[in-house]
1. Given the condition crowded, with 24+ Cβ neighbours inside 10 Å, in contact with a strand residue (DSSP E or B) (Cβ under 9 Å, 6 or more places away or on another chain) and either assigned to a loop (DSSP other than H, G, I, E, B) or at pLDDT 95 or above (or both), answer yes or no: does some residue in segment 34-48 qualify?
2. Give the residues of segment 361-397 that are in contact with a strand residue (DSSP E or B) (Cβ under 8 Å, 6 or more places away or on another chain), among the β-branched types (Val, Ile, Thr) and buried (at least 19 other Cβ atoms within 10 Å of the Cβ), sorted by residue number.
3. So, restricting to helices (runs of 4 or more DSSP H) that lie completely within segment 81-154, which ones have at least 3 residues that are of a type outside the set (A, V, I, L, M, F, W, C), at pLDDT 95 or above and more than 30 Å from Phe55 (Cα to Cα)?
4. Output the residue which, of all residues in segment 190-221 that are outside any helix (DSSP H, G or I) and not polar (S, T, N, Q), is surrounded by the most Cβ atoms within 10 Å (Cβ to Cβ).
5. Does any residue of segment 1-10 turn out to be at pLDDT 95 or above and either polar (S, T, N, Q) or surrounded by fewer than 24 Cβ atoms within 10 Å (Cβ to Cβ) (or both)?
6. Any residue that is more than 16 Å from the chain's Cα centre (by Cα), among the small types (Gly, Ala, Ser), in a loop (DSSP other than H, G, I, E, B) and more than 23 Å from Gly59 (Cβ to Cβ) - is there at least one of those in segment 282-291?
7. Is it the case that some residue within segment 124-133 is of a type in the set (A, V, I, L, M, F, W, C) and out of contact with any helix residue (DSSP H, G or I) (no Cβ under 8 Å at 6 or more places or on another chain)?
8. If a residue must be polar (S, T, N, Q), crowded, with 17+ Cβ neighbours inside 10 Å and in contact with a Phe, Trp or Tyr (Cβ under 9 Å, 6 or more places away or on another chain), how many such residues does segment 101-137 contain?
Amino acid sequence: MLKKTARSGTFTDNMKLPVHRWFRYSAGFSAEWVNSEILKFQDETGKKAIILEPFAGSGTTNIAADFFNVSSFGFEGHPFVARIARAKQLWYLDTNDLNDAGEELIACASSLTTMPDPIRYNKSNLLGKCYSLDSFNKLERLKIAYEKLSNAEPIWELIRLNITSILRACSHVGTAQWQYVLPNKSKSKVLDPFEAFIGKLEMMRADMLHAVSSGWQNSSYIEHKDVRQPFKTKKCNLLISSPPYPNNYDYADATRLEMMFWGEINGWGDLKNVVRPSLMRSCSQHSSSDKIDLDEVLSNPLLYPIKDEISDVTKKLDIIRHSKGGKKSYHTMIAAYFLDIAKIWVNIRKNMEKDSKACFVIGDSAPYGIHVPAEKWLGELAVSAGFSSFSFEKLRDRNVKWKNRTHTVPLHEGRLWVKG
């Protein structure tokens, strides 16, 4: 397998691509792969693709669709991430306006002499742990300048995205975009906030000019939406997406640093009410806070196609957790996850043409060492929702590299293809 093919399930290559590289989200896949699938679909069917993206993330599929002037509809359950994706859609705005707004912001921020609020910046909270006083002072001045100058003009969403995108690069602690913040880890390269802002501004301007000169068309629609609830789009014929994996990664927590910086939350505890309600349940923190009744979930008719298997797995998880220190509620997490996915498949089916094609980049999991065959169950739930068939294309093996892994169950990641 070629290395780039194996990596098509990740965001890595996007950091070299115009617009896509404006913000690196903790989950995603290659935009170049999306491009190839759009071309392949149109060549094989002779139809113009109309794309549905129910887990839009930072907008990879939708921005790729703009490259081809292909209509696309994206929905993202995380409100902060949805705003990032919508901002990236503004690549078509006037670069002179962006430059003027950026210069105005830097001038305003440079003139400010305010010191950080000790309530916002102290060593007991995440912001205080992640930034030196000098770095946070400059970031805070950028934020205050933005709040003074911004108006309803969409160009200010790009300015806000710029500030958001440099927050981790300006921190001295472990803040890699694809993982949780690690205050006890340090990194050697730390950017000055004002210099980082100006550098990102230049990158954004160059990317916008490239997109316009290359013939991109603003043909995507992205909305903050919980896709477990009914939604309606133009009938689509191609779906390219990657749902959260059932592996206990807390997507609500992925942008905690950024949301705290902008004052949208005060800490981890606020995620329950601000973010989690519109996210599908893929981590034990979410399922435990929802106080899920396992029997009630498993008795839902939407889970009938996999009821025997999922009942067996959740029973084993319920038993084994009592022998573990954390007693994590993986049993209810897995049940809730697949019920959520079942609801989403029903909603997807209503918005897809009969001869459509869907692809989920997905991986299986093994909480507490109990295997959860995610791609198989997702495929069976898709067929139950009205699709005709499914197949799985493995891209790579997982859980074979790290010596400190919590179990030895071999896992994999790949593409679940659904027809009909």
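The values are calculated or read from the model by the stated rules, or taken from the named source; none is laboratory data. Small disclaimer: the values here were computed from a predicted structure and weren't measured. Note that we place each Cβ from the backbone using ideal geometry, even for glycine, and neighbour counts take in every protein chain shown.
1. Step one: of segment 34-48, the residues crowded, with 24+ Cβ neighbours inside 10 Å are 34.
Going one step further and asking which of them are in contact with a strand residue (DSSP E or B) (Cβ under 9 Å, 6 or more places away or on another chain), we end up with 34.
Checking which are either assigned to a loop (DSSP other than H, G, I, E, B) or at pLDDT 95 or above (or both) leaves us with 34.
Within segment 34-48, one or more residues are crowded, with 24+ Cβ neighbours inside 10 Å, in contact with a strand residue (DSSP E or B) (Cβ under 9 Å, 6 or more places away or on another chain) and either assigned to a loop (DSSP other than H, G, I, E, B) or at pLDDT 95 or above (or both).
2. Val361, Ile362, Val372
3. Values: elements: 95-111, 126-130, 133-149.
Output list reads 95-111, 133-149.
4. So the first thing to find is which residues in segment 190-221 are outside any helix (DSSP H, G or I), and the list is 190-192, 214-221.
With not polar (S, T, N, Q) added as a condition, the list becomes 190-192, 215-216, 221.
Working: Val190: 17, Leu191: 16, Asp192: 15, Gly215: 9, Trp216: 20, Tyr221: 18.
Among residues in segment 190-221 that are outside any helix (DSSP H, G or I) and not polar (S, T, N, Q), the one surrounded by the most Cβ atoms within 10 Å (Cβ to Cβ) is Trp216.
5. Taking segment 1-10 and keeping what is at pLDDT 95 or above, we get none.
No - not one qualifying residue is present in segment 1-10.
6. Step one: filter segment 282-291 for residues more than 16 Å from the chain's Cα centre (by Cα), giving 284-291.
Next, only the ones that are among the small types (Gly, Ala, Ser) stay: 284, 287-289.
Then keep just the ones that are in a loop (DSSP other than H, G, I, E, B); that gives none.
No; the residues of segment 282-291 include none that is more than 16 Å from the chain's Cα centre (by Cα), among the small types (Gly, Ala, Ser), in a loop (DSSP other than H, G, I, E, B) and more than 23 Å from Gly59 (Cβ to Cβ).
7. Here is the first cut: in segment 124-133, the ones of a type in the set (A, V, I, L, M, F, W, C) are 126-127, 130, 133.
This time we only want the ones that are out of contact with any helix residue (DSSP H, G or I) (no Cβ under 8 Å at 6 or more places or on another chain), so: 133.
Taking every residue of segment 124-133 in turn, at least one turns out to be of a type in the set (A, V, I, L, M, F, W, C) and out of contact with any helix residue (DSSP H, G or I) (no Cβ under 8 Å at 6 or more places or on another chain).
8. Here is the first cut: in segment 101-137, the residues polar (S, T, N, Q) are 110-111, 113-114, 122, 124-125, 132, 135, 137.
Then drop every residue that is not crowded, with 17+ Cβ neighbours inside 10 Å, which leaves 135, 137.
Next, only the ones that are in contact with a Phe, Trp or Tyr (Cβ under 9 Å, 6 or more places away or on another chain) stay: 137.
Count: 1.
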